[in-house]
Amino acid sequence: MDFDLTEEQRLLKESIDRFAADNAREPAQHGGAGDGAALWNGLAELGVLALPFAEEDGGIGGGPVETMIVMEAIGRALITAPYLSTVVLGGGFLRLGGTEAQRAEFIPQIADGSLKVGFAQLERQSRYDLYDVATTARRDGGDFVLDGRKGVVLGGDDAGLLVVTARTAGGRRDQDGITLFLVDANASGVSRHGMPAQDGTRVAEIALDGVRVPADRVLGEVDAGLPLAGRVVDVALAALCADSLGAMEELHRITVDYLKQRQQFGVTIGSFQALQHRAADMLVAVEQARSMALYAAMMAEEPDVRERRPAIAAAKAQVNRSSRLVGQEAVQLHGGIAMTWEYRAGHLFKRLTSNELLFGDTDHHLREVAEAGGLVEEI
């Protein structure tokens, strides 16, 4: 199997790596209001906001490998712009489940940077289960009326459009009866409370009180939205693996540089064999994560959920493990400086820690692999 990038992919990598390096987020910026309009407009001008969409919808026609290239650069530079929430998640719902009219209306706005999207799925009781939905949607004439509460909505405070999971039938934990809605974030009955996450990204708590949504704003089929949600989240998990890979690469790089510069007992601490071994362990973990991030990118568009789900879960589990090892070793090898606000290492570790829990921690994904019988079929 050929893992080399095509000429177009190499050009994309060069462009996004250069852009990310020029716009890398400094430690002093963390916890603020995000990366700002200039950076978002720059991503739009570069074409990466249009990357995964079909050309007939106003996009460029890229795939998961192209998304991986972009997300790796974003993670390496600690960019907190809502690329994952808007392009990968929100755009993924439109790309995979939107009607022709919905795609025509919203995808060009995402591509030119004028529209940001949030995925309002998580609830107080749901943890990592996409099907645990208490938010309700009842029919009222030709519309639906939504009531409920959503939490930790990525990019939710700045989004103009929300993709909301709501229950139109069944009990709270039934896998049937879930419907996906496109909700105007500024509609009557929608209230938002934004806040910074620990890694500098922005999230929001969202309340839906009698929000009226027209029937033509339903994504996919009524009562059958869970398969679409699972498919889009798997694409997002593959992208998240790439984001973590980029952060790990940068954390390993600055740790090795520190070992080459920091002196103790008259010599650089990088000359100590024990520390060399630990830096080598970090490199092995990074390369393991790279292999699984590539695997996730290869499997992200697999239509058979029985093949895709355990593959993505296995990739996320391994990337989580690598993230934990690389982050902890980086802090240990740096010493106290790694946990200071002014130094980059601690913020990279925060990014990895946040990614580790997003859409399922290690135990959650290992359980899914085990329940699927593993990745290799028995002979």
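The values are calculated or read from the model by the stated rules, or taken from the named source; none is laboratory data. Quick caveat, the model's predicted, so the values are computed rather than measured. FYI the Cβ positions are ideal-geometry reconstructions off the backbone, even for glycines, and counts take in every protein chain you see.
A few remarks follow.
- Sole residue being surrounded by 18 or more Cβ atoms within 10 Å (Cβ to Cβ), in a loop (DSSP other than H, G, I, E, B) and in contact (Cβ under 8 Å) with a residue 24 or more places away in the chain, chosen from A73, A81: A81
- Among the residues of the stretch 195-203, some residue qualifies, meaning at least one is modelled with pLDDT under 95, among the acidic types (D, E) and out of contact with any strand residue (DSSP E or B) (no Cβ under 9 Å at 6 or more places or on another chain).
Conditions tested, residue by residue: (1) over 15 Å from D199 (Cβ atoms); (2) buried (at least 21 other Cβ atoms within 10 Å of the Cβ).
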site: L251; (1), (2): no, yes
site: F272; (1), (2): yes, no
site: Y295; (1), (2): yes, no
site: A300; (1), (2): yes, yes
site: V305; (1), (2): yes, no
site: W341; (1), (2): no, no
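- The set of residues in the stretch 94-135 that are surrounded by fewer than 16 Cβ atoms within 10 Å (Cβ to Cβ) and among the β-branched types (V, I, T) contains only T99.
- Any chance L115 is over 19 Å from A300 (Cβ atoms), among the hydrophobic types (A, V, I, L, M, F, W, C) and under 14 Å from the mean Cα position of the chain (by Cα): no
- Tallying residues that are at positive phi and either surrounded by fewer than 20 Cβ atoms within 10 Å (Cβ to Cβ) or not in a loop (DSSP other than H, G, I, E, B) (or both) within the stretch 184-207 yields 1.
One line per residue, one yes/no per condition, for (1) at pLDDT below 90; (2) touching a Lys or Arg at 6+ places or on another chain (Cβ under 9 Å):
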{"residue": "Q332", "(1), (2)": "no, yes"}
{"residue": "A345", "(1), (2)": "no, no"}
{"residue": "D363", "(1), (2)": "no, no"}
{"residue": "L366", "(1), (2)": "no, no"}
{"residue": "L375", "(1), (2)": "yes, no"}
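- Subset of the stretch 50-66 (residues that are closer than 15 Å to I107 by Cβ and either under 17 Å from the mean Cα position of the chain (by Cα) or assigned to a loop (DSSP other than H, G, I, E, B) (or both)): A50, L51, P52, F53, A54, G58, G59, I60, G61, G62
- Verdict on R324 being surrounded by fewer than 21 Cβ atoms within 10 Å (Cβ to Cβ) and assigned by TED's automatic domain parsing to the domain that holds A285: yes
- Number of positions in the stretch 182-216 that are under 15 Å from V152 (Cα atoms) and of a type in the set (D, E): 2
- Residues located in the stretch 270-283, provided they are free of Cβ contacts under 8 Å to residues at least 40 places away in the same chain and either among the polar types (S, T, N, Q) or part of a helix (DSSP H, G or I) (or both): G270, S271, Q273, A274, Q276, H277, A280, L283
- Residue in the stretch 235-243 that is among the β-branched types (V, I, T), touching a helix residue (DSSP H, G or I) at 6+ places or on another chain (Cβ under 9 Å), at pLDDT 95 or above and not in a helix (DSSP H, G or I) present: no
- Pairs meeting the criteria (first residue in the stretch 310-337 and basic (K, R), second residue in a helix (DSSP H, G or I), beta carbons under 6 Å, at least 6 apart or on different chains) are K316/L237; K316/H365.
- Verdict on G189 being of a type outside the set (D, E), modelled with pLDDT under 95 and over 30 Å from W341 (Cβ atoms): no
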